[in-house]
1. Do we find a residue being open to solvent by 60 Å² or more (accessible area, probe 1.4 Å), at pLDDT 95 or above and part of a helix (DSSP H, G or I) anywhere in the stretch 194-209?
2. Can you pull out every residue in the stretch 83-139 that is polar (S, T, N, Q) and either outside any loop (DSSP other than H, G, I, E, B) or crowded, with 16+ Cβ neighbours inside 10 Å (or both)?
3. Is it true that some residue in the stretch 149-170 is at pLDDT 90 or above and touching a helix residue (DSSP H, G or I) at 6+ places or on another chain (Cβ under 6 Å)?
4. Show the residue pairs that are 6+ apart or on different chains and have beta-carbon atoms under 8 Å apart, the first residue being within the stretch 55-72 and within 11 Å of residue 120 (Cβ to Cβ), the second being open to solvent by 70 Å² or more (accessible area, probe 1.4 Å) and in a helix (DSSP H, G or I).
5. If you go through the stretch 50-63 one residue at a time, do you hit one that is within 27 Å of residue 207 (Cα to Cα) and either among the hydrophobic types (A, V, I, L, M, F, W, C) or not in a helix (DSSP H, G or I) (or both)?
6. I'd like the residue in the stretch 11-52 that is open to solvent by 40 Å² or more (accessible area, probe 1.4 Å) and over 20 Å from the mean Cα position of the chain (by Cα) and, out of all such residues, is modelled with the lowest pLDDT.
7. Of everything in the stretch 173-182, what is crowded, with 17+ Cβ neighbours inside 10 Å and of a type outside the set (D, E, K, R)? Give them in sequence order.
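The values are calculated or read from the model by the stated rules, or taken from the named source; none is laboratory data. Note that the coordinates shown come from a computational prediction; the quantities given were computed from them, not determined experimentally. Cβ: placed from backbone, ideal geometry, glycine included. Neighbour counts: every protein chain shown. We work out accessible area using only protein heavy atoms, side chains counted, and drop any ligands, DNA or RNA first. Shrake-Rupley method; radii C 1.70, N 1.55, O 1.52, S 1.80 Å.
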Amino acid sequence: MLERRYRAVKALLVFVAWLLITSLFGKFWKSDPGLQSLFEFVEPGYVAAIVFLMATIALFRWHDLGLNPPPSTRSLLLLWFPGLYVLVFLAALVVVGPPGPAALGAILGNAFLAGISEELACRGVLYQGLRSRLSVWPAILLSTALFAAGHLVNGFVFGSFTLAAVQALAAFMTGIAFMAIRIRTGSLYPGMVLHGLWDFSLLAVTSRALDAALKDGGL
């Protein structure tokens, strides 16, 4: 009973700590953090955030976060619509041309690390913590709103708060979709995979434009 009473508070504190690690770790790790680094090497902040989350989950013995295979493969049919968007982005990538192999590898690594980290923190720790005190819809909306607002700290990572604000708005809309996948499939794994593919395809297809804007100071 005591664990249930304070779990929401613990989850919120873990979420805040995760945000700080994700956004600030890289600033101390390298001299020039920014969006450009996503095209150059794997962000250490993503790795540190995942390690922190897994250690926290083990410490508090949270076994109900969805770190299990989907109980039913039929539930995966929900992925067809967002998966269609990913296919469109990948087709566009073929048309515009991908970045170089090194940049493509860095984007792939960062996209999947970010997907794992965000699903684990937001659809796992945060949502399940809020569910200990709230009904389904308030927990969904509050966790998704916090997930979206958390993208604002990417202004420190990317060096562009304009880009971070746009990303926050998009994150709220996609966050609802990822939450539906989490609840419908009963697992975090499908959302992690889709999230990684989504981020990779979108960032890869826009990488040339983003790189040009960064060099011109447009972001």
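1. The answer is yes; a qualifying residue exists.
2. 110, 117, 128, 132
3. Within the stretch 149-170, none of the residues are at pLDDT 90 or above and touching a helix residue (DSSP H, G or I) at 6+ places or on another chain (Cβ under 6 Å).
4. If the second residue must be open to solvent by 70 Å² or more (accessible area, probe 1.4 Å) and in a helix (DSSP H, G or I), the pairs left are 66/189; 67/189.
5. yes
6. 31
7. Hits for the stretch 173-182 are 174, 175, 177, 178, 179, 181.
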